[in-house]
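J.: I have a structure here, written as structure tokens, and I will follow up with some questions on it.
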Amino acid sequence: MKFEIKSRWNGTVLFSIETDTLKLAVEAGIKSGADLSGANLYGANLRGANLYGADLSGADLYGANLRGANLYGA
């Protein structure tokens, strides 16, 4: 399945990848160095995600499940 992580401000695609879940897409984006600041992650299930060092400034995380996520340095 193709996932596109879009800007919450103008809808442009910040990162896209073929993977199984949005969680894996976000982790891949972070690992690849994609700029996910301002990402629209509204309601995303990121439970247990490794978000270490991610720049999610300005990201819309309203309603996102971040339980058990590694937010160190994010």
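J.: Given R₀ = 35 Å, what would the calculated FRET efficiency be for Ser57 paired with Met1, taking r from the Cβ atoms and rounding to 0.05?
T.: 0.80
J.: Of the GluC sites (Glu not before Pro) in the chain, which ones lie in a loop per DSSP and count no more than 16 other C-beta atoms within 10 Å?
T.: Listed in order of number, the matching sites amount to none.
J.: Check Ala39: other-chain or 5+ apart residues with amide H under 5 Å from its amide H, H built from backbone geometry?
T.: Those qualifying (amide H under 5 Å, at least 5 residues apart or on another chain) are Arg8, Ala59, Asp60.
J.: Hey, any idea what % of the chain's accessible area is carbon plus sulfur with a 1.4 Å probe?
T.: Using a 1.4 Å probe with all protein chains present, the chain comes out at 48 percent carbon and sulfur.
J.: Where does the Debye-calculated log10 I(q)/I(0) of the chain sit at q = 0.12, 0.14, 0.15 Å⁻¹, using only Cα point scatterers of equal weight, no solvent?
T.: Treating every Cα as an identical point scatterer, log10 I(q)/I(0) equals -0.25, -0.35, -0.41.
J.: Hey, in the GNM for the chain with a 10 angstrom Cα cutoff, which one of Asp60, Asp35, Asp20 fluctuates hardest?
T.: Comparing Asp60, Asp35, Asp20 in a Gaussian network model of the chain, the most mobile one is Asp20.
J.: Let me ask you something else. Quick one: Cα centre-to-centre distance for the range 1-20 and the range 35-57, in angstrom?
T.: 12
J.: Also, quick follow-up: For the chain, what does the relative contact order come out to in percent, with C-alpha contacts under 8 Å and a separation of six or more?
T.: Relative contact order, the chain: 27 percent.
J.: What value does the range 34-74 have for Rg/Rh, both radii from Cα atoms and Rh as Kirkwood defines it?
T.: Ratio of gyration radius to Kirkwood radius for the range 34-74: 0.93.
J.: Continuing with this model, one more query. Accessible surface of Val26 in the full protein assembly, 1.4 angstrom probe, to the nearest 10 Å²?
T.: Rounded to the nearest 10, that gives 0 Å².
J.: Within the chain, report the chymotrypsin sites (Phe, Trp or Tyr not before Pro) that DSSP leaves as loop and that have at most 10 other Cβ atoms within 10 Å.
T.: Within the chain, the qualifying chymotrypsin sites (Phe, Trp or Tyr not before Pro) (loop, at most 10 other Cβ atoms within 10 Å) are Tyr72.
The values are calculated or read from the model by the stated rules, or taken from the named source; none is laboratory data. Since the structure is predicted, the reported quantities are computational estimates derived from the model, not experimental observations. Positions of Cβ are generated from backbone atoms using ideal geometry, with glycine treated the same way; all protein chains shown enter the neighbour counts. Note: areas computed on protein heavy atoms with side chains; ligands, DNA, RNA excluded. Shrake-Rupley method; radii C 1.70, N 1.55, O 1.52, S 1.80 Å.
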